[in-house]
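Note sheet for the following structure.
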Amino acid sequence: MRISRINRNETGSSPVEQDLSLLDPIIAKNKGKKGNLIPLLQGAQELFGFISKPAFEKLSRETGIPLSDMYGVATFYAQFRLNPVGKNIIKVCHGTACHVQNAVEISESLEEVLKIKDGQTTDDRFFTLESVACLGCCSLAPVMMIGDQTYGKLTGNEAVKIVKNIRLAENN
Amino acid sequence: MITTVTVGLGSCGIAAGANKTYEKIKALKETEKLDFNLKKTSCVGMCYREPLVEITDDTGTYLYGEVDAGRAVEVIEKHINQHDPIRDYIVYTDLFDAPENDFIGAQVKIVLRNCGYMDPESIEEYESRDGYKAIKIIAAEKTSREMVIDTVLKSGLRGRGGGGFPTGLKWKFANANKSADKYVICNADEGDPGAFMDRSVLEGDPHSVLEGMIIAAYAIEANGGVIYCRAEYPLAIKRLNIAIKQAHDRGYLGKNIFGIEGFNLDIYIKEGAGAFVCGEETALIASIEGERGMPRKRPPFPAGSGLWKKPTNINNVETYANIPWILIHGAEAYARYGTEKSKGTKVFALAGKVCHSGLVEVPMGMTIRDVIFKLGGGIKNNKRFKAVQMGGPSGGCIPEFLSDTIVDYDSVNATGAIMGSGGMVVMDETTCMVDVAKFFLDFTCKESCGKCTFCRMGTKRMLEILERITNGHGREGDLEKLEELAYQIKDNSLCGLGQTAPNPVLTTIRYFRDEYEAHISHKKCPAKVCRPLLTYKVDEEKCTGCLVCQKNCPVKAITGERKQPHHIDQELCTKCGVCFSKCKFQSILLS
């Protein structure tokens with residue numbers, strides 16, 4: 001059921017400061033247009049990486065769309081996040097082709113090395129680990145995607161190596 | 001003739017490193033001032049050989065496979081500078097026997113006619129390959145709407161999204177409903193795990209989809225168009241946006257297009273927000289309208305009351321891509337391919353344990369065996385072919401002994417699977433069918449929108465039973481319970497998602513009952529996949545006593561001195577599989 005997307009446990013980290021005035025152009029562009037709810041939410045998420053409670057409230061106040069409608073839509077679609085995310089989102093593909101070629105091992109190895117569970121973010125907000133349904137790169141299964149980069153024909157160890165290298169590159 | 005070097009830059013190619021190959025060749029061309037045209041194209045379907053580079057010169061066309069940046073230097077040096085093609089790297093050519101000649105030769109390319117043969121970001125190239133010719137003929141000959149619909153009807157084209165409803169009939173209904181505003185929608189929300197046909201078409205030939213939509217809009221008198229594309233396909237969205245802009249600039253979209261008085265059409269892209277159920281047409285419409293994507297009862301069908309309650313025609317990407325070809329070559333030419341009730345060709349995405357994973361387009365009526373063995377090159381690592389999954393979460397597993405089934409809608413339906421959108425995931429002896437059924441149920445359970453109780457609760461109950469079975473707690477009567485729930489869900493769900501969600505379970509029970517029974521009665525997983533049913537043991541012959549498994553075992557179940565064979569305490573072992581994946585000497589045995 002899609003309701004399982006609702007995660008009541010915030011990640012526990014301190015609230016992120018957001019400049020909500022950045023939302024103004026998105027509101028101006030979409031206000032009063034029919035079918036505007038999803039573009040509003042997509043715009044907010046693009047700005048901040050997730051949709052915070054204050055962002056919801058501002059959008060609702062200024063467009064007149066009830067908060068309940070917004071929350072209903074935001075929790076329905078897999079794209080929307082209600083919690084802050086890491087700088088790098090690791091999407092491990094769990095499509096059929098990846099599943100039969102041991103995508104579970106990739107997720108488990110990454111969970112182990114990052115010390116987080118699927119859907120969580122590392123304490124330093126550097127990585128978020130996610131399982132996704134299908135990235136459409138089945139010929140390279142098993143696959144993961146970090147940012148716009150796709151990595152194929154992986155093993156658990158290789159996935160760990162890639163993630164470690166990204167962290168190394170960042171630290172230097 | 002000037003030599004042309006073309007690099008395949010589809011998602012699969014890019015993932016395999018084609019951008020680096022392209023940059024390398026570009027750099028070589030510039031630094032060494034080489035005389036050739038460097039072009040980009042999309043996926044030609046041979047994903048297993050990516051990155052691909054095609055060289056066309058005076059002597060012919062050569063397709064090189066697995067060209068990484070290093071190989072690119074070699075190929076350019078030998079082929080371009082010394083005019084000496086490297087035979088070992090050539091995978092396809094019409095000049096001599098190359099390893100993949102059969103792969104291309106056995107296909108009939110209608111939908112994929114341009115994919116991998118032209119630059120998808122160039123409207124000129126599309127036009128040079130009969131692009132926008134169909135709609136121009138319609139405009140020039142003042143072909144009536146009814147004639148266009150009649151041609152599509154006669155071609156026998158059926159909806160390629162999975163439903164298989166005759167496309168011409170859909171258009172006829174939408175045309176019959178009069179309204180000042182009407183819409184055409186392209187369903188590009190390819191959510192089936194294991195399917196990537198639509199992605200390749202959108203990335204490789206976006207204009208053909210636009211042209212198909214323009215023709216549909218003409219036929220039903222629509223003045224608005226929406227492409228509902230999943231956000232997970234960034235490259236497809238980028239190329240579609242380019243194509244739409246180019247079409248606008250040429251006056252192919254906008255007001256009075258193609259000189260047809262009163263034919264106004266604008267098309268925009270709506271990015272899907274990630275919900276499998278939005279592949280269902282009424283849910284898709286709800287999503288475009290900014291609502292939760294929940295299906296509603298039909299009738300009214302979208303052809304009567306669709307987007308914003310106006311008559312709407314929805315087809316999927318592949319269906320639209322067929323349309324221009326059918327209009328140019330005629331209904332008979334299309335209907336020549338295929339079987340009595342399924343005409344034309346079908347694109348399949350081959351994936352899983354098959355040697356040649358990639359995209360193939362074959363005439364309807366080919367046997368599944370031929371698709372997997374002739375085109376797909378058989379099973380990886382010489383394993384035994386066990387089953388093929390068709391139709392994604394709505395489909396089923398077709399076992400090896402039925403692999404002479406031909407691909408057409410009705411024959412595939414008879415097996416309990418469905419044709420679906422064209423995903424074919426091949427499974428070998430190391431795939432556990434109970435695990436596969438659980439995988440799909442887990443997917444549909446998460447993706448159920450929650451509207452119908454049977455789908456919402458029933459899939460959850462089925463999933464619990466399957467989890468129990470794969471965890472070694474299966475009980476007598478579980479199979480009967482699964483079947484009972486399955487038929488209730490099928491009978492009492494509103495939309496296609498619920499009505500088909502039990503198919504993967506039903507087909508696996510039907511064809512692989514013994515495997516379920518092994519799990520339930522003997523607590524064994526014959527394919528050695530379900531970990532709780534396995535026993536981990538140390539092969540004392542092979543074990544070098546390196547201590548790695550011992551250090552990594554989370555429950556300290558492994559004992560033994562350095563350089564002495566280790567031992568796993570079965571009482572303590574939680575069967576997590578860590579020792580198996582950490583051992584570098586393959587000395588952990590599964591039984």
- [ ] Please turn the phi angles of segment B:532-541 into ³J(HN,Hα) values with the Karplus equation 6.51 cos²θ - 1.76 cosθ + 1.60 (θ = phi - 60°), one per residue in order, whole Hz, x for glycine and proline.
- [x] x, 9, 9, 10, 9, 9, 9, 7, 5, 5
TODO: Kindly state, as a whole number, the per residue volume in cubic angstrom of the convex hull around the alpha carbon atoms of segment B:548-591.
DONE: 73 Å³
Open item on the list: Checking understanding here: applying a Kyte-Doolittle mean of at least 1.0 and a length along the axis of at least 15 Å (C-alpha), which whole DSSP H helices in chain B pass?
Closed with: B:206-220
- [ ] Give me the number: length gained by fully extending B:K245 to B:L589, i.e. 0.36 nm times residue separation minus the C-alpha to C-alpha distance, one decimal in nm.
- [x] 118.0 nm
Task: Cα principal axis extents for segment B:95-241, largest first, Å - done: 55, 35, 30
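Counting only other chains, and only Cβ atoms inside 10 Å, what mean value do you get across the residues of B:576-589?
Values: counts 1, 3, 3, 0, 1, 7, 2, 0, 0, 0, 0, 0, 0, 0.
For peptide B:576-589, the averaged partner shielding equals 1.
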- [ ] Using every Cα-Cα pair within segment B:189-346, state what percent have a distance larger than 24 Å.
- [x] 38 percent
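What ranking do A:S109, B:S11 get, fewest neighbouring Cβ atoms within 10 angstrom at the top? Write down the numbers at each step before the final one.
Working: A:S109 22, B:S11 26.
Taking fewest neighbouring Cβ atoms as first place, the list is A:S109, B:S11.
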- [ ] Please list the non-local residues whose amide H lies under 5 Å from the amide H of B:N316, H modeled 1.01 Å from N, same-chain partners needing a gap of 5 or more.
- [x] B:R160, B:G161, B:N187
Open item on the list: Applying a 10 Å radius around every beta-carbon, put B:547-554, B:233-240 in order of their mean neighbour count, most first.
Closed with: B:233-240, B:547-554
Task: Reduced Cα scattering model of segment B:345-428, Debye log10 I(q)/I(0), q = 0.12, 0.26 Å⁻¹ - done: -0.26, -1.43
Task: Cα-derived Rg over Rh, computed across segment B:1-132 with Rh taken as Kirkwood radius - done: 0.94
Open item on the list: Taking just the alpha-carbon atoms of segment A:23-83, what radius of gyration and Dmax come out, in angstrom?
Closed with: 10.1, 28
TODO: Could I have the simple spin-label model distance between A:R61 and B:Y268, label points 7 Å from Cα toward Cβ, reported in nm to one decimal?
DONE: 2.8 nm
Open item on the list: Restricted to Cα positions, what overall size does chain B have along the principal axes? Three whole-Å values, descending.
Closed with: 85, 68, 41
TODO: Could you list the GluC sites (Glu not before Pro) in segment B:1-81 that lie in coil according to DSSP, counting only those with at most 16 other Cβ atoms within 10 Å of their Cβ?
DONE: B:E32, B:E66
TODO: Could you pull out every residue, at least 5 positions away or on a different chain, whose amide H is within less than 5 Å of the one on B:V538? Hs are placed 1.01 Å off N in the peptide plane, and Pro or chain starts have none.
DONE: B:I568, B:L589
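Restrict the search to segment A:49-137; then list the trypsin sites (Lys or Arg not before Pro) that DSSP places in a loop and that have at most 16 other Cβ atoms within 10 Å of their Cβ. If you can, show how the numbers build up before the last one.
Details: sites: A:K58, A:R61, A:R81, A:K87, A:K91, A:K115, A:K117, A:R125; in loops: A:R81, A:K87, A:K115, A:K117, A:R125.
Passing sites in segment A:49-137 are A:K87, A:K115, A:K117, A:R125.
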- [ ] For segment B:177-183, just list the computed ³J(HN,Hα) in residue order, Karplus coefficients 6.51, -1.76 and 1.60, θ = phi - 60°, integers in Hz, with x standing in for Gly and Pro.
- [x] 8, 8, 6, 5, 10, 9, 10
Open item on the list: With just the Cα atoms defining each centre, how far is segment B:10-29 from segment B:533-591? Give it in Å.
Closed with: 43 Å
TODO: Decide, for segment B:180-231, between rounded, prolate and oblate: order the square roots of the alpha carbon gyration tensor eigenvalues as a ≥ b ≥ c, take rounded if a/c falls under 1.5, and otherwise choose prolate if a/b is larger than b/c, else oblate.
DONE: prolate
Open item on the list: What number do you get for the protein assembly as shown when its Cα radius of gyration is normalised by 2.2 N^0.38 Å, N = residues?
Closed with: 0.97
TODO: Using the number of other C-beta atoms within 10 angstrom as an exposure proxy, rank B:H248, A:H99 with the fewest first.
DONE: B:H248, A:H99
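Per residue of B:282-295, how many C-beta atoms from partner chains lie within 10 Å of its own C-beta, taken as a mean?
Numbers: counts 0, 0, 0, 0, 1, 5, 3, 5, 13, 7, 10, 5, 2, 0.
Going residue by residue through B:282-295 and averaging, the value is 4.
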Task: Inter-chain shielding of B:386-397 (mean C-beta neighbours from other protein chains, 10 Å cut-off) - done: 1
- [ ] Rounded to whole Hz and in sequence order, give me ³J(HN,Hα) for segment B:340-353 from the Karplus expression 6.51 cos²θ - 1.76 cosθ + 1.60, θ = phi - 60°, writing x for Gly and Pro.
- [x] 4, 9, 10, 9, x, 10, 9, 8, 10, 9, 8, 8, x, 8
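Going through the cross-link list B:K346/B:K374; B:K40/B:K109; B:K270/B:K490; B:K109/B:K154; A:K31/B:K182; B:K182/B:K270, which pairs have a Cα-Cα distance over 22 Å in this structure? It would help to have the intermediate numbers written out before the result.
Values: B:K346/B:K374 16 Å; B:K40/B:K109 20 Å; B:K270/B:K490 31 Å; B:K109/B:K154 20 Å; A:K31/B:K182 24 Å; B:K182/B:K270 17 Å.
Among B:K346/B:K374; B:K40/B:K109; B:K270/B:K490; B:K109/B:K154; A:K31/B:K182; B:K182/B:K270, the Cα-Cα distance tops 22 Å for B:K270/B:K490; A:K31/B:K182.
Every number here is computed from the coordinates shown, using simple stated rules; none is lab data. Small disclaimer: the values here were computed from a predicted structure and weren't measured. A quick note on method: Cβ atoms are made from the backbone with ideal geometry, for glycine too, and the neighbour counts reach across all protein chains shown.
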